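Worksheet: the structure to be examined is printed underneath.
The values are calculated or read from the model by the stated rules, or taken from the named source; none is laboratory data. Being a predicted model, the structure only gives us computed values, none of them experimental. Note: ideal-geometry Cβ built from the backbone for every residue, glycine included; neighbour counts use all protein chains shown. What goes into the accessible areas is simple: the full protein's heavy atoms, side chains included, and nothing from ligands, DNA or RNA. Shrake-Rupley method; radii C 1.70, N 1.55, O 1.52, S 1.80 Å.
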Amino acid sequence: AGPYRVPNAVVEGIAARTNNPPCGAMRGFGAVQTCFAHEAQMDLLANALSMDPVELRLRNALASGDRLITGQVIRGTAPVAEVISACAEAPLPHLPSPEAAAPMLLPGGAGRTADPATVRRGVGFAVGFKNLMFSEGFDDYSTARCDLVDGVATITCACAEVGQGFVTLAQQIAREVLDIDDVIVAPAETASIGSAGSTSASRQTWMSGGAVEAACREVRAQVVGAAGDDPGAFAAAMAGRSFTATVEFHHGPPPPLDEGGQGDAHVSFAFAAHRAVVDVDAELGLVKVQHITTSQDVGRVLNPLLAEGQRHGGIAQGVGLAVMEELVLDGGRIANASFTDYLIPTALDMPPVDIAAFVEQPEPGAPFGAKGIGEPPTISSTAAVAAAIRDATGLPITRVPVRPQDVAL
């Protein structure tokens with residue numbers, strides 16, 4: 001149903017056994033597909049009601065305390081209306097008309113195939129959300145150790161750094177809690193430290209970040225105890241001495257589910273909105289994504305540059321899924337199993353991105369209130385591009401990626 005209040009719902013689930021390859025996690029797994037559906041649905045509803053599609057979303061936006069169709073009550077922060085408003089109110093970009101644009105900025109780019117007279121511009125809007133941490137009552141946890149030796153802290157955690165920025169955030173958290181500059185993040189390992197769980201489900205900032213914060217706070221308490229009542233003796237208490245603490249961090253008791261598997265299946269959620277501007281060559285069916293505007297619920301930004309990088313990276317994947325990325329299956333076999341045939345966006349395919357807002361409402365229980373931010377940028381950027389193509393063409397666009405034949409034929 002999307003990030004909207006829906007007081008009544010009937011849900012029918014169908015499982016199908018196939019001979020396709022098994023699926024795995026990829027930025028926003030599962031939520032990208034459902035967002036494509038529920039945001040198309042919202043636009044259809046707005047059209048049927050002769051209502052502005054943004055206004056329809058604002059009227060029905062979820063907020064903390066609302067109940068999902070599964071029965072779950074949202075207890076964390078949920079600034080959905082704020083995210084929608086920030087994105088929708090950002091000024092539209094000043095783009096040259098197709099007649100005035102350089103050939104490389106038209107659909108088809110270097111192919112120079114576009115006739116500006118047949119190029120149509122469209123604007124689309126979408127809102128998405130994603131659960132945070134492992135779900136369905138799983139007792140999620142992560143472990144971290146802080147060793148403070150002669151004023152230098154070493155953080156050990158099994159968290160796998162795959163580009164999400166944990167190594168940087170772990171150092172920031174340690175410096176903030178311990179009030180020191182010298183922090184080392186040891187290589188991830190499990191020989192001397194417990195599990196950190198997988199780097200998925202937008203969980204490592206909260207779970208492993210929370211473990212690092214808790215371990216550092218224990219060490220700080222030890223140093224304060226050694227310093228006694230003199231606050232000026234904190235640095236002296238660290239000199240030539242060692243302190244250590246290992247903490248297994250849990251986000252809280254897992255919420256119970258009822259016998260049907262319904263109820264509070266998720267710990268919390270993160271929300272994002274995207275507005276896309278596209279140009280479409282209606283005769284050849286080619287699409288050029290010209291601009292993306294976004295706003296996102298982040299809890300609290302711990303590192304602005306990392307946060308911006310995650311936005312751009314996630315949107316690049318969302319654009320790819322909207323206009324070019326498709327795993328082609330033939331009888332259960334992958335027919336395009338190389339990057340020659342499975343196309344992903346390059347720098348020339350990426351549109352300019354404007355970040356309308358980082359909506360900061362600190363999440364209770366998370367380290368310094370920060371939510372994971374890596375997945376939402378992909379989830380609703382795909383749906384926004386599809387909506388913009390519908391706006392440009394008047395076509396229903398019921399699948400992504402949008403192929404030339406979906407428009408021209």
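Do we have PHE249 as farther than 30 Å from ALA117 by Cα, modelled with pLDDT of 95 or more, open to solvent by 30 Å² or more (accessible area, probe 1.4 Å) and assigned to a strand (DSSP E or B) here? When the stated conditions are applied, PHE249 passes them. Of the residues in the range 310-330, none is outside any helix (DSSP H, G or I) and open to solvent by less than 10 Å² (accessible area, probe 1.4 Å). Within the range 107-114, can one find any residue that is in contact (Cβ under 8 Å) with a residue 40 or more places away in the chain and basic (Lys, Arg)? Scanning the range 107-114, I find no residue that is in contact (Cβ under 8 Å) with a residue 40 or more places away in the chain and basic (Lys, Arg), so the answer is no. Screening the candidates SER195, SER208 for the property of being assigned to a loop (DSSP other than H, G, I, E, B), farther than 30 Å from PRO96 by Cβ and either among the small types (Gly, Ala, Ser) or touching a helix residue (DSSP H, G or I) at 6+ places or on another chain (Cβ under 9 Å) (or both) yields one hit, SER195. Filtering the range 294-309 for residues that are part of a loop (DSSP other than H, G, I, E, B), open to solvent by less than 60 Å² (accessible area, probe 1.4 Å) and farther than 14 Å from GLY374 by Cβ leaves an empty set. Highlighted here are the strands (runs of 3 or more DSSP E) found entirely within the range 96-191 that include at least 3 residues which are closer than 30 Å to MET238 by Cβ and either touching a strand residue (DSSP E or B) at 6+ places or on another chain (Cβ under 8 Å) or among the charged types (D, E, K, R) (or both): 141-149, 152-157, 183-185. For the range 9-25, taking the residues that are without any contact (Cβ under 8 Å) to a residue 60 or more places away in the chain and aliphatic (A, V, I, L, M), the one that is least open to solvent (accessible area, probe 1.4 Å) is identified as ALA16.
Considering the range 53-110, and only residues there that are β-branched (Val, Ile, Thr) and out of contact with any helix residue (DSSP H, G or I) (no Cβ under 8 Å at 6 or more places or on another chain), the residue that is most open to solvent (accessible area, probe 1.4 Å) turns out to be ILE69.
Taken over the range 331-371, the criterion of being in a strand (DSSP E or B), of a type outside the set (Gly, Ala, Ser) and closer than 28 Å to PHE269 by Cβ is satisfied by VAL353, ASP354, ILE355, PHE358, VAL359.
With respect to the conditions (1) open to solvent by 20 Å² or more (accessible area, probe 1.4 Å); (2) free of Cβ contacts under 8 Å to residues at least 40 places away in the same chain, THR156 falls short on a single one, namely (1). Just one residue in the set GLY240, GLY225, GLY232 is farther than 29 Å from PHE138 by Cα, open to solvent by 30 Å² or more (accessible area, probe 1.4 Å) and not in a helix (DSSP H, G or I); that residue is GLY240. Restricting to the range 350-386, name every residue that is over 14 Å from THR294 (Cβ atoms) and in contact with a helix residue (DSSP H, G or I) (Cβ under 9 Å, 6 or more places away or on another chain). If the condition is that a residue be over 14 Å from THR294 (Cβ atoms) and in contact with a helix residue (DSSP H, G or I) (Cβ under 9 Å, 6 or more places away or on another chain), then GLU360, GLN361, PRO362, GLU363, GLY365, ALA366, PRO367, PHE368, ALA370, LYS371, GLY372, ALA386 are the ones that fit.
Residue-wise test of (1) closer than 23 Å to THR168 by Cβ; (2) free of Cβ contacts under 8 Å to residues at least 40 places away in the same chain; (3) aliphatic (A, V, I, L, M).
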{"position": "GLY263", "(1), (2), (3)": "no, no, no"}
{"position": "GLN290", "(1), (2), (3)": "no, no, no"}
{"position": "GLN296", "(1), (2), (3)": "yes, no, no"}
{"position": "ARG300", "(1), (2), (3)": "yes, no, no"}
{"position": "ALA322", "(1), (2), (3)": "no, no, yes"}
{"position": "ASP330", "(1), (2), (3)": "no, yes, no"}
{"position": "ALA337", "(1), (2), (3)": "no, yes, yes"}
